[in-house]
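Let me begin by presenting the structure, written as C-alpha coordinates, before commenting on it.
The values are calculated or read from the model by the stated rules, or taken from the named source; none is laboratory data. Treat the numbers as computed from the prediction; the structure is a model and nothing was measured. Here the Cβ positions follow ideal geometry from the backbone for every residue, glycine too, while neighbour counts run over all protein chains shown. Ligands, DNA and RNA are excluded from the accessible area calculation, which covers all protein heavy atoms including side chains. Shrake-Rupley method; radii C 1.70, N 1.55, O 1.52, S 1.80 Å.
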Amino acid sequence: MADATTSSISIAADPERVMAVIADFPAYPEWAEQVKTVEVLETGAGDRAERVRFTMDAGPIKDSYTLDYDWAPDGRSVSWNLVKGQIQKAQTGSYQLIADGDSTTVTYSLAVDLNIPMIGMLRRKAEKVIIDTALKGLKRRVERGAR
(Lines give C-alpha, C1' and ligand atoms only; values in the text may rest on other atoms or scores of the structure.)
Protein backbone atom coordinates (compact mmCIF):
# COMPACT_ATOMS: atom_id res chain seq x y z
CA MET A 1 0.00 0.00 0.00
CA ALA A 2 1.25 3.45 -0.86
CA ASP A 3 1.96 6.16 1.70
CA ALA A 4 -1.10 8.05 2.89
CA THR A 5 -1.91 11.63 1.94
CA THR A 6 -3.00 13.69 4.97
CA SER A 7 -4.62 17.08 5.50
CA SER A 8 -6.33 18.89 8.40
CA ILE A 9 -9.00 21.54 8.87
CA SER A 10 -10.47 23.39 11.85
CA ILE A 11 -14.25 23.16 12.27
CA ALA A 12 -16.23 25.45 14.60
CA ALA A 13 -18.03 22.67 16.49
CA ASP A 14 -17.33 20.09 19.17
CA PRO A 15 -15.93 16.65 18.20
CA GLU A 16 -19.26 14.94 18.91
CA ARG A 17 -21.07 17.10 16.35
CA VAL A 18 -18.30 16.55 13.77
CA MET A 19 -18.34 12.77 14.30
CA ALA A 20 -22.14 12.71 14.04
CA VAL A 21 -21.87 14.19 10.53
CA ILE A 22 -19.05 11.77 9.59
CA ALA A 23 -21.16 8.83 10.80
CA ASP A 24 -24.29 9.92 8.88
CA PHE A 25 -23.46 8.03 5.68
CA PRO A 26 -26.89 8.38 3.99
CA ALA A 27 -26.36 12.17 3.98
CA TYR A 28 -22.95 12.04 2.24
CA PRO A 29 -24.34 12.77 -1.26
CA GLU A 30 -25.67 16.08 0.15
CA TRP A 31 -22.21 17.38 1.11
CA ALA A 32 -19.44 15.09 -0.23
CA GLU A 33 -19.27 16.20 -3.87
CA GLN A 34 -17.82 13.02 -5.38
CA VAL A 35 -20.16 10.64 -3.51
CA LYS A 36 -23.27 9.89 -5.57
CA THR A 37 -24.92 7.04 -3.60
CA VAL A 38 -24.35 5.39 -0.21
CA GLU A 39 -25.82 2.20 1.24
CA VAL A 40 -25.13 1.04 4.80
CA LEU A 41 -24.83 -2.76 4.52
CA GLU A 42 -24.05 -3.67 8.15
CA THR A 43 -24.24 -1.85 11.49
CA GLY A 44 -22.55 -2.63 14.79
CA ALA A 45 -22.44 -1.25 18.32
CA GLY A 46 -24.40 1.95 18.81
CA ASP A 47 -25.91 1.53 15.33
CA ARG A 48 -22.65 2.75 13.80
CA ALA A 49 -22.08 1.58 10.23
CA GLU A 50 -19.52 -1.19 9.91
CA ARG A 51 -19.84 -1.91 6.17
CA VAL A 52 -20.85 0.73 3.63
CA ARG A 53 -21.12 0.67 -0.18
CA PHE A 54 -20.40 3.88 -2.11
CA THR A 55 -20.69 5.03 -5.70
CA MET A 56 -18.39 7.92 -6.52
CA ASP A 57 -17.63 10.10 -9.49
CA ALA A 58 -14.42 12.10 -9.12
CA GLY A 59 -13.99 13.15 -12.73
CA PRO A 60 -11.59 10.68 -14.32
CA ILE A 61 -12.11 8.21 -11.46
CA LYS A 62 -15.52 6.59 -11.13
CA ASP A 63 -15.98 3.62 -8.81
CA SER A 64 -18.41 1.56 -6.81
CA TYR A 65 -16.73 0.22 -3.67
CA THR A 66 -17.37 -1.19 -0.20
CA LEU A 67 -15.55 -0.13 2.97
CA ASP A 68 -15.36 -1.65 6.45
CA TYR A 69 -15.27 0.87 9.33
CA ASP A 70 -13.65 0.69 12.78
CA TRP A 71 -14.89 3.29 15.28
CA ALA A 72 -12.72 4.29 18.26
CA PRO A 73 -14.46 3.79 21.64
CA ASP A 74 -13.79 7.44 22.58
CA GLY A 75 -15.64 8.70 19.49
CA ARG A 76 -12.65 10.73 18.34
CA SER A 77 -11.52 8.66 15.36
CA VAL A 78 -12.70 6.26 12.70
CA SER A 79 -10.69 4.25 10.21
CA TRP A 80 -11.65 2.19 7.19
CA ASN A 81 -10.37 -0.39 4.72
CA LEU A 82 -11.51 -1.41 1.27
CA VAL A 83 -13.46 -4.67 1.08
CA LYS A 84 -13.96 -4.54 -2.69
CA GLY A 85 -13.94 -2.03 -5.49
CA GLN A 86 -14.15 -1.89 -9.25
CA ILE A 87 -11.05 0.19 -9.97
CA GLN A 88 -9.56 0.32 -6.47
CA LYS A 89 -7.51 -2.60 -5.25
CA ALA A 90 -6.81 -1.06 -1.83
CA GLN A 91 -7.95 1.91 0.26
CA THR A 92 -7.19 2.82 3.84
CA GLY A 93 -8.26 6.01 5.51
CA SER A 94 -9.11 7.69 8.77
CA TYR A 95 -10.55 10.76 10.43
CA GLN A 96 -8.89 11.88 13.68
CA LEU A 97 -10.65 14.55 15.75
CA ILE A 98 -8.93 16.74 18.35
CA ALA A 99 -10.88 19.23 20.46
CA ASP A 100 -9.36 22.72 20.36
CA GLY A 101 -11.40 25.09 22.53
CA ASP A 102 -14.69 25.77 20.75
CA SER A 103 -13.55 24.02 17.60
CA THR A 104 -12.26 20.65 16.42
CA THR A 105 -9.21 19.92 14.30
CA VAL A 106 -10.06 17.15 11.84
CA THR A 107 -7.24 15.23 10.18
CA TYR A 108 -8.11 13.06 7.21
CA SER A 109 -5.62 10.46 5.92
CA LEU A 110 -6.16 8.49 2.72
CA ALA A 111 -4.16 5.98 0.69
CA VAL A 112 -5.60 4.44 -2.46
CA ASP A 113 -4.16 1.87 -4.86
CA LEU A 114 -5.87 1.44 -8.20
CA ASN A 115 -6.14 -1.51 -10.56
CA ILE A 116 -5.02 0.82 -13.33
CA PRO A 117 -1.44 2.10 -13.54
CA MET A 118 -1.01 5.61 -12.15
CA ILE A 119 2.16 7.56 -11.48
CA GLY A 120 2.62 8.09 -7.73
CA MET A 121 2.62 11.87 -8.10
CA LEU A 122 -0.74 11.79 -9.91
CA ARG A 123 -2.21 9.37 -7.34
CA ARG A 124 -1.16 11.66 -4.47
CA LYS A 125 -2.61 14.68 -6.28
CA ALA A 126 -5.93 12.84 -6.74
CA GLU A 127 -5.91 11.85 -3.04
CA LYS A 128 -5.23 15.48 -2.08
CA VAL A 129 -8.17 16.71 -4.17
CA ILE A 130 -10.47 14.07 -2.65
CA ILE A 131 -9.32 14.92 0.90
CA ASP A 132 -9.54 18.70 0.47
CA THR A 133 -12.99 18.48 -1.12
CA ALA A 134 -14.22 16.16 1.65
CA LEU A 135 -12.82 18.34 4.46
CA LYS A 136 -14.31 21.52 3.01
CA GLY A 137 -17.68 19.79 2.52
CA LEU A 138 -17.55 18.40 6.07
CA LYS A 139 -16.74 21.85 7.48
CA ARG A 140 -19.67 23.46 5.57
CA ARG A 141 -22.07 20.70 6.66
CA VAL A 142 -21.08 20.76 10.35
CA GLU A 143 -20.91 24.54 10.72
CA ARG A 144 -24.22 25.08 8.92
CA GLY A 145 -25.89 22.61 11.30
CA ALA A 146 -24.01 23.79 14.41
CA ARG A 147 -25.35 27.35 14.29
Quiz item: About the Cα centre of the stretch 3-147, what is the dipole size in debye to 20, counting +1 per Lys and Arg Cβ and -1 per Asp and Glu Cβ, all else neutral?
Solution: 500
Exercise. Any chance you could give the angle, 0 to 90 degrees and rounded to 10, that helix 120-146 forms with the longest Cα principal axis of the chain?
Key: 30
Quiz item: Using 12 Å as the cut-off for backbone N distance, which residues of the stretch 4-34 belong to the label zone defined by a point 7 Å from the Cα of Arg140 along Cα→Cβ?
Solution: 30-34
Exercise. Return a single number: how many Lys pairs in the chain, at a sequence separation of 8 or more or on separate chains, have alpha-carbon atoms below 22 angstrom apart.
Key: 19
Quiz item: If you place +1 on the Cβ of every Lys and Arg and -1 on the Cβ of every Asp and Glu, how big does the dipole about the Cα centre of the stretch 40-91 come out, in debye to the nearest 20?
Solution: 200
Quiz item: So, with a 1.4 angstrom probe, what is the percent of accessible area on the stretch 1-114 that is carbon and sulfur?
Solution: 45
Quiz item: Among 8-21, 46-59, what's the highest-first ranking by average C-beta atoms within 10 angstrom per residue?
Solution: 8-21, 46-59
Quiz item: What accessible area per residue comes out for the chain, rounded to a whole number of Å², with a 1.4 Å probe?
Solution: 53
Exercise. Label the stretch 1-47 by shape, choosing from rounded, prolate and oblate, from the square roots a ≥ b ≥ c of the eigenvalues of the Cα gyration tensor; if a/c is under 1.5 it is rounded, and otherwise prolate applies when a/b is larger than b/c, oblate when it is not.
Key: rounded
